[in-house]
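What follows is a set of notes on a single structure, which appears directly below.
Just so it is clear, none of the values below were taken in a lab; they were calculated from the coordinates. All of these numbers come straight from a predicted model, not from anything done at the bench. Every residue, glycine as well, gets a Cβ built from its backbone with ideal geometry; the counts of neighbours run over all protein chains shown.
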Ligand code: BMA
């Protein structure tokens with residue numbers, strides 16, 4: 001990559017990662033992560049998997065296990081973790097993973113040289129019944145997917161009905177993030193990706209649920225709070241959903257600003273088992289837009305979520321995904337979790353495993369051993 005572009009990226013990263021500028025030897029963890037991502041991008045694209053170290057299709061909570069490693073012999077370079085439920089003070093996430101374990105695995109992956117990304121699907125602050133009335137319920141009442149009311153974002157902003165409650169929720173999130181430190185006190189760098197898929201309307205922060213101004217105010221409120229708490233290890237990622245109308249103009253509509261975002265991406269799944277051609281066309285088109293946007297704005301680009309549910313086409317890794325992503329200078333792609341009811345990663349028990357090995361062996365796909 002041209003030096004000028006690299007310098008631009010670093011300049012924006014400094015702005016996006018914290019308000020203070022830092023000299024070479026006192027870069028924040030977020031700034032260092034941005035530089036690392038940018039360097040690694042010259043080599044290829046990293047593979048990521050959500051909830052990788054907790055469970056697979058035939059096991060759960062076995063130390064050092066991973067479906068990805070069990071298939072190809074290496075851990076994913078990027079691991080994704082979900083914090084939904086932390087805002088309630090729950091012991092387990094909405095995906096039933098104990099938060100103490102999440103903290104431990106984040107630190108362990110960082111210590112083995114890997115990269116961490118965190119998502120957060122907080123419950124609906126307006127419809128959640130405090131004291132647990134509808135806690136633990138997955139869909140949709142009281143959850144992030146509860147879109148029964150269009151004033152939820154407004155309600156948590158300054159002057160809103162749930163503003164105070166949301167301060168408590170943000171504090172609990174902040175307290176958890178503060179635990180992400182190695183034993184010698186080093187903060188773990190994290191790609192933090194809140195308020196995602198906001199150009200769709202299935203979360204309470206979605207497009208038809210709030211105005212662009214309200215969305216940005218929500219983003220800013222959370223970012224300002226976590227920054228004020230000293231969390232300068234967060235690289236903020238903005239990721240709407242893949243869509244035929246995701247032009248650069250559309251991408252900008254709710255974009256929080258170059259000074260507030262370090263990584264740009266989008267989430268894009270192939271939902272129809274026979275939808276290969278349409279998926280490839282759309283993915284290619286959106287990645288072309290995204291990578292140009294990233295270059296113009298001095299950001300790192302990533303396919304922040306993707307997958308084919310239950311790998312209904314076992315050749316998907318090499319026949320569908322790889323040919324498109326290898327054309328674009330993205331930092332990483334991340335496939336969603338291997339839950340019993342829906343899985344997006346490989347598993348030794350499934351026919352896509354042999355194709356995943358080929359995907360892993362391709363020199364442009366990067367796994368943990370490729371980035372250490
Ligand atoms: C969704 C599904 C849900 C899960 C949520 C948050 O895509 O996997 O089962 O609770 O993500 O991780």
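Miscellaneous remarks
- DSSP beta bridges fully contained in the chain are about 15 percent antiparallel.
- Residues within the reach of a label modelled at residue 43 (point 7 angstrom out along Cα to beta-carbon, backbone nitrogen below 15 Å), restricted to the stretch 64-81, are 74-79.
- If a spin label sat at a point 7 angstrom from the Cα of residue 274 along the line to its beta carbon, the backbone N atoms of the stretch 308-336 nearer than 14 Å would be those of 313.
- Kirkwood-based shape ratio for the stretch 182-263, expressed as Rg/Rh from alpha carbons: 1.03
- For residue 36 and residue 319, the FRET efficiency from 1/(1 + (r/R0)^6), where r spans their Cβ atoms and R0 equals 35 Å, is about 0.70.
- Under the Debye formula (equal points on every Cα, no solvent term), log10 I(q)/I(0) of the chain at q = 0.07, 0.11 Å⁻¹: -0.28, -0.73
- Modelled this way, with points 7 Å down the Cα-to-C-beta line, the labels at residue 164 and residue 281 are 5.5 nm from one another.
- Sorted on the mean count of surrounding Cβ atoms within 10 Å across their residues, most packed first, peptides 55-61, 191-197 read 191-197, 55-61.
- Counted residue by residue at 0.36 nm each, then reduced by the alpha carbon distance between them, the extension gain from residue 339 to residue 309 reaches 9.7 nm.
- Pairwise centroid distance, computed over Cα atoms, of the stretch 268-331 with the stretch 181-241, Å: 23
- Hull volume per residue, based on the alpha-carbon atoms of the stretch 33-153 and their convex hull, is 139 Å³.
- Mean separation of Cα contacts under 8 Å, 6 or more apart, over the residue count of the stretch 210-263: relative contact order %: 55
- Between residue 151 and residue 220, the modelled labels are 2.3 nm apart [label points 7 Å from Cα along Cα→Cβ].
- With each label modelled as a point 7 angstrom along the Cα→C-beta vector, the residue 184-residue 354 pair spans 4.6 nm.
- Computed E for residue 101/residue 201 - FRET, C-beta separation, R0 22 angstrom, nearest 0.05: 0.10
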